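Below is one structure; the comments refer to it alone.
Please treat every number below as a calculation from the coordinates, not as lab data. Note that the structure is predicted; figures quoted are calculated from it, not measured. Note: ideal-geometry Cβ built from the backbone for every residue, glycine included; neighbour counts use all protein chains shown.
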Amino acid sequence: MLRQGLLGIAVTIWTLQLPTHADNANSQPRSGYSFLSAETRRMQDDDFANPGMLWVEEGRKLWNQPDAPGGKSCQSCHANPEQSMRGTTTHFPRYSAAAGRVINLEQQINRCRVENMKSSPLAYETETLLALTNFISHQAKGMTIDVAVDGPAAPSFERGKESFYMRRGQLNLSCANCHEQHVGGRLHGEPISQGQINGFPIYRQLWQTSGSTHRMFAWCNEAVRAEPYPAGSQEYVDLELFERWRGRGLSVETPAVRR
Amino acid sequence: MANSRIKVPESARVGEAVEIRAMVMHPMENGYNVDTQGTTIPVHIITDFVCRYDGAEVIRVKLEPGLSANPFFSFYLKATKTGAVDFEWVDQDGTVTTAGATLRVG
């Protein structure tokens, strides 16, 4: 009788200690910037020392560069990108009626290239595509993320949400296990952030280069020993949409510097 | 030619020490990295960085593997007269990347 009573108390205490911290940690979106060391923050804040600006400047040059065989450039349709692209990235990923699904910024660039410029799509993680996404996203620096998750985007959003909370890989961890339940903790000496994507494409010091959201998703998937989806897959676009919504209220930091 | 960024003040007073900054986009492969197939990525680095002020060499850096990608140099230059500040990065394969600006003194 006494033994059963003690066991009951123990179980009660154990249950109480379960993820109460999850809600607190995620009540307010926090940019990855707030988890950085002072040195890395300074690197991001200094427009010259921030290596991501190399891609932004290259994107500015590519904007005016005509591409064979159409002979058109981005500039042909979108003159004055500092104005015409201002805030564009804050609405991506978004539903495209023409594509019949939710697409991200990279896919929009490629649709423009194929349909309007009669050129070839750019592969993920190429210097050219990274330069363009960096440049376009940089035009929204400081602006608040504002994605639509209702209407035709709703199924995509739901799939993305499900993906975020789905355990995966040999380590059997979901995104939420780290980025909601252990925010502020440490993994391999590095702080665990909320996994917000408001600074993408980022200059990641580990990679020594600029990288897209989908490269980061794949990297995280591999870290939990799960088979990553290909960059540009609908699974990642859905997750990207959910992640952008999750960070609503945060401002665009592109190009952010991260560890 | 690699993508580069430089920062040279437009003007300076005679004798003033001005900050010069230069960065170049380069992977600076150290020869120890492997690709997704497990194949070693060979060494690929910038070997020399040179800055000339009004034709005269003011700084020369010999780079080695082990430096971070996209090397960034910052140094001070004593402004003496109006002249060109030219930068040069030499890749190990012989490719030369150049950039330059004019510093107005007086």
*Filter the GluC sites (Glu not before Pro) in chain B to those in DSSP coil with at most 13 other Cβ atoms within 10 Å of their Cβ, and list the result.*
B:10
*Note down the magnitude of the dipole of the protein assembly as shown about its Cα centre, charges +1 on Lys and Arg C-beta and -1 on Asp and Glu C-beta and zero elsewhere, to the nearest 20 debye.*
660
*Shielding by partners - mean other protein chain Cβ count within 10 Å, residues of A:48-55*: 5
*asked:* Using the Cα centre of chain B as origin and beta-carbon charges of +1 (Lys, Arg) and -1 (Asp, Glu), tell me which of B:42, B:94, B:83 is placed farthest towards the positive end of the dipole.
replied: B:83
*Determine the shielding of peptide B:26-35 by partner chains: average, over its residues, the number of Cβ atoms on other chains within 10 angstrom of each Cβ.*
1
*Over segment A:102-201, relative contact order from alpha-carbon pairs under 8 Å, at least 6 apart, %*: 18
*Proximal charge balance of residue A:58 [Cβ under 14 Å; K/R count +1, D/E count -1]*: +1
_Can you tell me which of A:102, A:224, A:237 moves the most in a GNM of chain A? Springs connect C-alpha atoms under 10 Å apart._
A:224
*Among the lysines, which have Cα under 16 Å from the Cα of residue B:7 when same-chain residues fewer than 8 positions away are ignored?*
B:78
*Cα gyration tensor shape of segment A:158-259, rounded if a/c is under 1.5, else prolate or oblate by comparing a/b with b/c*: rounded
*If you find the alpha carbon centre of segment B:40-70 and of segment A:188-247, how far apart are they in angstrom?*
32
*Which whole-number percent gives the relative contact order of chain A, counting Cα pairs below 8 Å spaced six or more residues apart?*
28
*asked:* Could you work out the pair-distance distribution P(r) of segment A:53-138 from its alpha-carbon pairs, with 5 angstrom bin width and percents rounded to whole numbers?
replied: 3, 15, 24, 30, 20, 7, 1
_So if I average 1/r over every pair of distinct C-alpha atoms in chain A and take the inverse, what Kirkwood radius in Å does that give?_
19.6
*Count charges around residue A:154 for me, please; just the other residues with Cβ under 14 Å from its Cβ, Lys/Arg as +1, Asp/Glu as -1.*
0
*Residue-averaged [θ]222 nm for chain A, counting only DSSP H segments that reach four residues, each worth -39500 (n - 2.57)*: -12000 deg cm²/dmol
_Can you compute the charge dipole magnitude of segment A:53-138 about its Cα centre, using +1 on each Lys and Arg Cβ and -1 on each Asp and Glu Cβ, nothing else charged? Give it in debye, rounded to the nearest 20._
320
*Set Lys and Arg Cβ to +1 and Asp and Glu Cβ to -1, take the dipole of segment A:53-138 about its Cα centre, and tell me which of A:74, A:107, A:96 lies farthest positive.*
A:96
*asked:* With an 8 Å Cα cut-off and a minimum separation of 6 or more residues, compute the relative contact order for segment A:53-138 in percent.
replied: 42
*Size of the dipole of segment A:99-257 about the Cα centre, Lys and Arg at +1 and Asp and Glu at -1 on the beta carbon, nothing else charged, in debye to 20?*
40
